[in-house]
Structure formats: C-alpha cells, structure tokens
1. Which residues, counting only those in the range 340-377, are more than 17 Å from residue 398 (Cα to Cα), surrounded by 22 or more Cβ atoms within 10 Å (Cβ to Cβ) and not aliphatic (A, V, I, L, M)?
2. Of the conditions (1) modelled with pLDDT under 80; (2) under 24 Å from the mean Cα position of the chain (by Cα); (3) open to solvent by less than 10 Å² (accessible area, probe 1.4 Å), residue 252 fails just one. Which one is it?
3. Every residue in the range 320-339 that is over 10 Å from residue 379 (Cα atoms), of a type outside the set (A, V, I, L, M) and open to solvent by less than 30 Å² (accessible area, probe 1.4 Å), please.
4. Would it be correct to say that residue 127 is closer than 30 Å to residue 70 by Cβ, under 19 Å from the mean Cα position of the chain (by Cα) and at pLDDT below 80?
5. Exactly one condition in (1) closer than 19 Å to residue 133 by Cβ; (2) modelled with pLDDT of 85 or more; (3) open to solvent by 20 Å² or more (accessible area, probe 1.4 Å) is false for residue 81; which is it?
6. Would you point out which residue out of 243, 266, 274 is open to solvent by less than 20 Å² (accessible area, probe 1.4 Å), among the small types (Gly, Ala, Ser), at pLDDT 75 or above and under 24 Å from residue 15 (Cβ atoms)?
7. Filter the range 344-372 down to the residues that are under 22 Å from residue 204 (Cβ atoms), small (Gly, Ala, Ser) and either in contact (Cβ under 8 Å) with a residue 60 or more places away in the chain or in a helix (DSSP H, G or I) (or both) and list them by number.
8. Does the range 404-412 contain any residue that is open to solvent by less than 50 Å² (accessible area, probe 1.4 Å) and outside any helix (DSSP H, G or I)?
Amino acid sequence: MRNIRQALAGFAPVLATVVTLIPLTRQTGIVVLGAAVSMMAARSGRRHGPWRLLLVPAGALIIAAFAVLFRAAHAYGDAFFVLTVAAATAARAFGPAAGHLGRALVLPLIGMLIAPVNPGGHPWHTLAWATLAVFVAEGYALIGRRLGGTDAEPGPSSTAPARIHVWRGVQSALALTLAFTIGHTVFGEHWAWTVISAHTVGAAARSRGDALLRGAHRTLGALGGTLVATVLALAVGEHRSIAVVLLMAVLAAGFLLRQFGYAWWAASVTAALALLYCLVGVTGTATLPLLAARLLAVGAGALCAVLPAALVAPIRTGAVLRKRTAECLRAARDGDHATALRGLAALRESAAPLLAIRRFHARPELRWVDALSALEPDLRALAAGADDPAARVRVRRALGPVAEDLRAAAGR
C-alpha cells in the first residue's frame, strides 16, 4: 500500500504538469519537456525545496545556450552538453550542495533531449517556453512533495574522495562524447536516444558492476517496451485522445513497477514514446522503424556508458560494498539506528550487481548483506524508539562476525 501511495504521489505532479501545459501551448514538445522534467524530479528521491524554483531561469538559460550553439553547429551544442554534464558530475567533489546544484541545472537540459523540441529553433522562443515548462514542472513537484509528505529521508552523505567524483565526471564526458558521435553518425535525427541512454546508465552507476547491470536492464526494458509499444501504436492509430489516456496509464504503471527493477521503468518509457509518436502525427506501421531504431540506439548508448565505467579508473563493486558495510556497522554500533537503516538500503543497492549473478557466482561479500538485512526488523523497531533489550542484544551479536569478516577482507 505504501508503494502504491508513493507511486501515485510521484505521478500526480506529472499529470498536473501535462494538464496545465496543454491549454497554455499546443506544442507537444513543450508539454513533453514539462512532463520529462517532472518525472525526473519525482524519481530523484531528493528533498525538493523552494530554492529549486530560483534555479529555473538558470536552467532555462542553459537550454537557450544549447539551442544557440546547436543552431550554429551540432559540434558546438554537443560540446556544450558534454562539458555541462561532466562539470555537474564533478561538482560533487565540492560537497553535497554543489552536487545538488549541478543536478538541478542539468535536469532541464536532459529533459529537452527527451522532449521533441527542436534545439535549432529560435533561442528566445526556446528560452520562453522552456522556462514556463520547467517552472510548472518544478512547482508541481514541490507542491506534491509538500502535500503528500513524500520528501525522501536524506541518504548517507557521500564520503568518497574528491578524486572519485572528478573521475566520474571524466567517465561521463567520455560516455557522452561516444554517444554523440555514434548517434549523429548512425541514427541521424534520432541521435538523442543514444545520448539519453548513455546519460541514464552512467549518471547513477555506483560501480563498474552497477553500470553493467543498469545497461542490461535498460536494454532489456527497451526490448520489452518495444514489443508493447508496437501493439499500442497499431491499435491507437490516429485517435489522439486514446493515445493521451494510454500514455498517462503507461507512465503511471512505470512509476508503480520501477520499485521492482529499472527494466520496468525503461519498458514503460519506451512504450510511452510510441504513444507520443501518435500525438505528433506518426501513426500505424510508420512507428515500427522508429521503435526498432530506438532499441538499437538504447543498446548503443548503454554500451557507451559501460565502456568508460569499466576501463577508465573503474570503481570495483567489492570496494563499494566494503565501504557501505563499514558505514552501516558504524551507525549500528553507535546506536544511530535510523542512519543504519539508510546505510543498509544503500548497501543493498550497491550489492545489486552481485545479487543479480548470485545463482551463478556467489561472492563472499553477500554474507554481509544477508547478515545485516536480517537485522532490519530490529533496526526499525529501535529506530522507532522501542525499548527492546532483546533486539539490542541481537544487533550487537550480529555486528561482531560481520566486522571481523570485513577487517579480514580489508587486510586481503
């Protein structure tokens, strides 16, 4: 029930953004831009303060600069995009505030690639409509979090050295450069699909294994979404009202199912794009080549993200698990059970690549994940303020063997 409520709370701002923008503008691209920004804001899982509305003009200026440079030459716009995203990624080296600022400024730029807005259009026209779309999307995201009480709890602060964030910025720049090159060379006017896939896979990857897993999920999700989209596109035809209803339904299903894996979200977005083609006049069998091209572009973009993550200063999944395990142990030992719970969630997320291959190759680090996950009920009870001496004893007893195993692994 809680997951359904969270999905509805995340989807409501998207629906409100679309309903608001449709009467204001008949440009499908602007409506989709607002919806894309709203979806990414809802998926960020970060606290959404009013200060973000102050960044809307700055984000719109970034979009306008991209439009001006792209209008002059594709290479200028590509370079601006790569440098902006890489700088925003490396900015995390200066602290959480700088990281949040970078993400907030890049958000509308990524949304512009998702939306069918012509970046070669008049820059002032692009600036005005982009400002409106982003402001409406961010405003509804703020209202939804305030009214729904869905502000995410702050996760464990990053303790990674500054050089790690700088290298992630370098990896991002290399991935996007490859994606732009392949996109323009192979996929023509649909180059953005490759770039979006590369950014989506690489931006949130915590390790080399995580990048591989996200790339596989995105490709499999796109494959499943393409099959569903083919049926939907042929069934809807030129009925725009039905396409709008199904588009909202598919995205709502994506919000609900994403908790079970990123592949579900990728599938829902791919299916939604087929319905979007119906809204912009591409219907029937004409959508089939586009869906096939999109599947290839998604796979190519995922590969563009995986290669730098695996070859350029790679972050090993085992090292990330040792770090997350130590943070969780430290919080539980100090009696900060709420922080220990957040650390446990981060540990399980970092262990996802190893859990995916557990049936074929069980890594010893997974013993720590199992042992700490078994303590979750006790940690939740203690974090809620329960006076349960037995739970405290069980937590203390379980921490000892994990700490010893962790020290031995660090020594090896």
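1. 350, 353
2. (3)
3. 325, 328
4. Numbers: closer than 30 Å to residue 70 by Cβ: yes; under 19 Å from the mean Cα position of the chain (by Cα): no; at pLDDT below 80: yes.
Answer is no for this residue.
5. (3) is the only condition that residue 81 fails.
6. Working: 243 fails: at pLDDT 75 or above; 274 fails: at pLDDT 75 or above.
Checking each option against the conditions leaves just 266.
7. 345, 346, 350, 352, 356
8. Within the range 404-412, the subset open to solvent by less than 50 Å² (accessible area, probe 1.4 Å) is 405-406, 408-409.
Within this subset, residues satisfying the condition of being outside any helix (DSSP H, G or I) are none.
Checking the range 404-412: not a single residue is open to solvent by less than 50 Å² (accessible area, probe 1.4 Å) and outside any helix (DSSP H, G or I).
The values are calculated or read from the model by the stated rules, or taken from the named source; none is laboratory data. Small disclaimer: the values here were computed from a predicted structure and weren't measured. All Cβ positions, glycine included, derive from the backbone under ideal geometry; neighbour counts span all protein chains shown. Protein only, heavy atoms only, side chains kept; ligands, DNA and RNA dropped before computing areas. Shrake-Rupley method; radii C 1.70, N 1.55, O 1.52, S 1.80 Å.
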